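This report concerns only the one structure given below.
Throughout, read-outs are computed from the coordinates displayed, never taken from laboratory work. What you see is a predicted model; the values in this text were computed from it and never measured. All Cβ positions, even for glycine, are placed from backbone atoms using ideal geometry, and neighbour counts span all protein chains on display.
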Amino acid sequence: MKRHVYILIAFIAAVASMPYGCTGTEETQLWPEIEPFETGHLKVSKIHEIYYELCGNPEGTPVFALHGGPGGSSSPYMRRFFNPEAFLIVLHDQRGCGKSTPYAEIRENTTRHLVEDIELLRKHLKCGTIILFGGSWGSTLALAYAETYPEHVHGMVLRGIFTATSDEIDHFYHGGVRIFFPDVYEEFRKALPDPETTSIPKHLLTLIQNGNEDEKQKYSRLWAEYEIKVSGLNVPDRVVDGILRDSNPLAFGLLENYYMANGCFFEEEQLLREAGSIGDTRVILVNGRYDMICPPVNAYRLHQRLSNSKLVIAEGAGHWMGERPVERALLEAMSEFEMEPDQ
């Protein structure tokens with residue numbers, strides 16, 4: 001049941017490990033549970049300090065694992081995709097998230113800030129080139145960093161690709177998801193004070209940002225319930241309730257809708273348009289065939305823009321990283337980088 005506890009922290013990051021929602025009978029062999037050999041906080045602005053932790057081999061190839069959201073956090077589960085003898089595993093909580101301070105703070109919190117935080121952390125740890133590993137929003141942030149600092153990126157393993165176009169945001173909030181989850185979608189919309197709003201992220205942001213404490217929790221939880229329910233192929237209501245029973249979804253509700261209401265602070269199709277700046281950096285893209293939040297067409301479009309990428313469609317899987325076909329694909333992807341000759 002330890003994995004179940006981790007979900008309370010990591011569901012927002014779209015990395016939850018949920019055996020009851022997974023498909024396939026073959027057991028995935030994640031790497032053993034490990035503890036950090038170093039933790040700390042790095043001051044990245046007058047307001048923000050980000051929490052980071054280091055696991056694995058201090059002399060290994062650095063891999064930066066980026067959590068999802070925006071508004072999620074890192075978790076012990078994320079450490080288990082990397083051979084601890086081969087990799088220096090670097091996790092951090094993004095601004096306003098997890099153990100970073102201040103919690104749920106949107107001041108000085110944009111994609112550009114988060115990209116620069118990765119660069120500050122890379123320099124602080126005296127790393128050379130790094131591998132980026134991220135899913136969902138973590139894939140977005142990895143792409144943004146790689147397009148800004150391509151010379152510092154040795155490779156990328158990305159899951160549940162999200163390039164933050166207006167079509168992708170609209171699909172999640174207003175369009176595509178309700179085709180497959182009409183009951184869940186209508187229940188969610190009817191719970192909003194203005195169910196006919198034309199911009200759900202802006203509406204939710206206003207409700208959470210301006211509400212009293214009870215309202216902040218209410219609408220953050222409403223959003224979290226919706227996202228959890230549509231993330232996997234089989235997520236019963238009792239599971240949703242169990243995940244949220246003892247967790248605080250405020251950072252998730254506030255930050256995700258703040259970012260989405262602002263187009264994630266990108267120009268339209270910016271990440272796709274600038275994908276060529278990554279050059280011949282090796283990229284492995286993994287996407288669940290039935291990912292309702294980040295459908296595989298996003299990964300396919302990005303794959304077409306990259307000169308050295310491989311696209312893996314995980315059959316029988318949705319958005320969650322914890323679904324067995326996705327876990328296996330990610331472990332295999334990291335093993336490919338492990339087998340490379342020393343940099």
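May I ask for the angle, rounded to the nearest 10°, between helix 137-148 and the longest principal axis of the chain, with both axes built from Cα atoms and the value confined to 0 to 90°?
Between helix and principal axis, roughly 50 degrees.
Counting pairs of alpha carbon atoms under 8 Å apart in space and at least six apart in sequence, what relative contact order in percent does the range 168-263 give?
32
For a label point 7 angstrom out from the Cα of Arg273 toward its Cβ, which stretches of the range 133-174 have the backbone nitrogen within less than 14 Å?
Within reach of a label on Arg273, which here means backbone N under 14 Å from a point 7 Å along Cα→Cβ, the range 133-174 contributes 164-166.
Mind ranking 231-240, 56-65 by how tightly packed they are, going by the mean number of other C-beta atoms within 10 angstrom, highest first?
Going from most to least packed, we get 56-65, 231-240.
So what is the 222 nm mean residue ellipticity for the chain from helices alone, if each DSSP H run of at least 4 adds -39500 (n - 2.57) and you divide by all residues, rounding to the nearest 500 deg cm²/dmol?
Here the helix-only value at 222 nm equals -11500 deg cm²/dmol.
Through the Karplus equation 6.51 cos²θ - 1.76 cosθ + 1.60, θ set to phi - 60°, convert the phi angles of the range 248-256 into ³J(HN,Hα) values in whole Hz; use x for Gly and Pro.
10, x, 4, 4, 4, x, 6, 5, 5
Is the chain rounded, prolate or oblate when judged by the Cα gyration tensor, a ≥ b ≥ c being the square roots of its eigenvalues, rounded requiring a/c under 1.5 and prolate requiring a/b larger than b/c?
Rounded shape, in that the Cα axes give a/c under 1.5.
Students often check this: by mean Cβ neighbours within 10 Å, which of 271-278, 141-148 ranks highest, and how do the rest follow?
Result, highest mean Cβ count within 10 Å first: 141-148, 271-278.
Of the options Val230, Pro249, Thr163, report the single residue whose Cα projects farthest towards the positive end of the charge dipole of the chain (beta-carbon charges: Lys, Arg +1; Asp, Glu -1).
Working it through, the farthest residue towards the positive pole turns out to be Pro249.
Could you name the lysines whose alpha carbon sits less than 27 Å from that of Lys202, not counting residues in the same chain fewer than 8 places away?
Reachable lysines: Lys99, Lys190, Lys216, Lys218, Lys229.
Hey, what do the phi angles of the range 268-280 turn into as Karplus ³J(HN,Hα) couplings, whole Hz, using 6.51/-1.76/1.60 and θ = phi - 60°, x for Gly and Pro?
4, 6, 4, 5, 5, 5, 9, 4, x, 5, 6, x, 9
If you average over every viewing direction, what projected area does the convex hull of the Cα atoms of the range 168-263 give, in nm²?
5.9
Can you give me the angle between helix 111-124 and the longest principal axis of the chain, using Cα atoms only, in degrees from 0 to 90, rounded to the nearest 10?
The two axes meet at around 30 degrees.
Cα centroids of the range 74-119 and the range 209-263: how far apart, whole angstrom?
20
Express the relative contact order of the range 52-136 as a whole percentage, based on alpha carbon pairs under 8 Å and six or more residues apart in sequence.
38 percent.
Enter the angle in degrees (range 0 to 90, nearest 10) between the Cα long axis of helix 200-210 and the first principal axis of the Cα atoms of the chain, meaning the one along which they spread out most.
Roughly 80 degrees, rounded to the nearest 10.
Using the number of other C-beta atoms within 10 angstrom as an exposure proxy, rank Lys43, Lys218 with the fewest first.
Lys43, Lys218
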